[in-house]
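Before any comments, here is the structure.
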Amino acid sequence: MKKQPLNLSLDIGADAVPVPAPPPPPAASGKKGPGRPSIPPRENARRIAVTVDGELYRKIRIACAELDIDRQTFLERSIALMFADIQKRG
């Protein structure tokens, strides 16, 4: 099953995180072989991407439409509820 990105990010810290500078691009050769293009470093290293399978993606999309909230808000509320549940069990 193909996974789809939710196009969300979650702020995981309040302090700046040092990010190493990307290495300089290699010298271009005359012929490029097949392969995946390089992925540039993230602008904000305190954020993480979220990817889910297609069925869960569909359910989240429907729930957001029914609740009239955006997917970022859905993710933030879901995580808050998960932590509240964990604290209750503790």
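FYI, it's all coordinate maths here, none of it is from the lab. In this text, all values refer to a predicted model and were calculated from it rather than measured experimentally. Positions of Cβ are backbone-derived with ideal geometry, glycine not excepted, and every protein chain shown enters the neighbour counts.
Sort 58-65, 82-89, 69-76 for me by packing, meaning the mean count of neighbouring Cβ atoms within 10 Å per residue, highest on top.
Result, highest mean Cβ count within 10 Å first: 69-76, 58-65, 82-89.
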Simple spin-label estimate for residue 68/residue 53, 7 Å along Cα→Cβ, in nm, reads 3.3
